[in-house]
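Right, one structure below, let's go through it.
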Amino acid sequence: MKDMYNQVLKFGAMIVDSLRAYTQPVFIYIMPNGELRGGSWAVLDTCINPHYIELYSSEQSSANILEPSGLVAIKYRTKDIIKTICRLHKDISESDFDIISPDTNDSTSRQEYCKNQELLKSYKVVAENFAQLHDTPNRMLLKGVIREIVTWRDSRKFFYWRLKRRLYQQKVSFDLKTANPLINHESISNIIQSWFEEQNFNQNHLYLNDEKVVKWYQEVILSDKNTFYNDNIKYMSRQTSFNSIKTVLDTNPSILMDTMIYALQNATDSEKQEFMRIISKH
């Protein structure tokens, strides 16, 4: 193993490059009391590979680019806090926070200065606590940074069903791409969801339940006894082939007769009879 000291950027880039090209599900979970900060976002951001990387958080974790103290130091500086104090406390002015000389013998001035400094510290604590509220899992969920909040107690069960669902989805995605190489991830997700809703009487809310979807995969998609899945894959493959032929004929209409002759030469007797019947109607 190489020592990663002073090589964080190098190894971080290697991780990003690997995640970007990865074609299997990747789950990232921020555990209780865990924090995701700074440059870690660049390595674990779901935007690196949005189709495969999923980010989750426990109910007691936190995440942001900066820690609350650092955020306050940049966004809400001491001079801004002093202005807030003066606005809320009419008997205090900004000059009251000026550093007094060590030689000052005025005890009243010293007491007032110490009192104002304590007030300044209290306001900083409040500001940092407010900044901490922006690091909560609910805030991350609202911003769309994480997919879901998963409690530590339920995490093992949750990821068990989630992983099984994603792996089954991988298998279906492969079959759909084989049937139609031009199909994209969004279309695949929409097709799978439409199949699920069709088989479950349009109960859309069930599609959010990983366990229900996994059992549906097992009973409908992967079962040899159910022809629903195979029939749909065959139909899609047939439509893809037909669209390819149609595109070729639209581009080169001069080969239409050659195509018809070739098709008739390879057709069965029943197919030829059906072809002649259709032609006779036109």
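Most tightly packed first, judged by the mean number of other beta-carbon atoms within 10 Å of their residues, the peptides 114-121, 23-30, 267-274 read 23-30, 114-121, 267-274. Helix 8-21 and the longest principal axis of the Cα set of the chain meet at an angle near 30°.
For the chain, modelled as a GNM whose springs connect Cα atoms under 10 angstrom apart, the maximal fluctuation among Leu208, Leu141, Leu133 occurs at Leu208.
Mean residue ellipticity at 222 nm from the helices of the chain, using -39,500 (n - 2.57) per DSSP H segment of n ≥ 4 over the full residue count, to the nearest 500 deg cm²/dmol?
Values: 12 runs with 165 residues, N = 282.
Mean residue ellipticity at 222 nm (helix-derived): -19000 deg cm²/dmol.
The mean sequence distance of close C-alpha pairs (under 8 Å, at least 6 residues apart), as a share of the length of the chain, puts its relative contact order at 15 percent.
GNM remark for the chain: springs join alpha carbons under 10 Å apart, and the peak mean-square fluctuation among Asn204, Asn243, Asn180 falls on Asn243. Of all lysines in the structure, those lying under 25 Å Cα to Cα from Lys281, and not within fewer than 8 positions of it along the same chain, are Lys246, Lys272. Each 5 Å bin from zero up to the one holding the largest Cα-Cα distance in the stretch 139-264 carries the following percent of pairs: 2, 9, 14, 17, 15, 12, 9, 8, 6, 4, 2, 2, 1, 0.
With the Cα gyration tensor of the chain in hand, give its eigenvalues times 5 under a square root as the equivalent ellipsoid semi-axes, listed largest first in whole angstrom.
On the way: eigenvalues 873, 93, 73 Å².
Three semi-axes, in Å: 66, 22, 19.
Fully extending the segment from Trp152 to Leu264 would add 33.8 nm, taking 0.36 nm per residue of separation and subtracting the current Cα-Cα distance. For the stretch 182-235, the pair-distance distribution built from all alpha carbon pairs, in bins 10 Å wide starting at 0, is 23, 56, 22 percent. Taking other residues whose beta carbon is less than 14 angstrom from the beta carbon of Asp231, and scoring Lys, Arg as +1 and Asp, Glu as -1, yields 0.
If R0 is 51 Å, the Cβ-Cβ spacing of Asn49 and Lys225 corresponds to a FRET efficiency of close to 0.90.
So which of Lys143/Lys234; Lys143/Lys212; Lys157/Lys177 end up more than 32 Å apart, counting from Cα to Cα? Numbers along the way, then the final one.
Details: Lys143/Lys234 41 Å; Lys143/Lys212 28 Å; Lys157/Lys177 30 Å.
Over 32 Å apart, Cα to Cα: Lys143/Lys234.
So, R0 is 51 Å and r is the distance between the beta-carbons of Gln170 and Ser93; what FRET efficiency does that work out to, to 0.05? Efficiency for this residue pair is about 0.15. Cross-link reach is defined here as a Cα-Cα straight distance under 24 Å, omitting same-chain residues fewer than 8 places apart; for Lys124 the lysines meeting it are Lys75, Lys79, Lys83, Lys90, Lys115.
The numbers here are math on the coordinates, done by the rules we state, and not lab data. Everything numeric here is computed off the predicted structure, so don't read it as measured data. We place every Cβ from the backbone using ideal geometry, glycine too, and count neighbours over all the protein chains shown.
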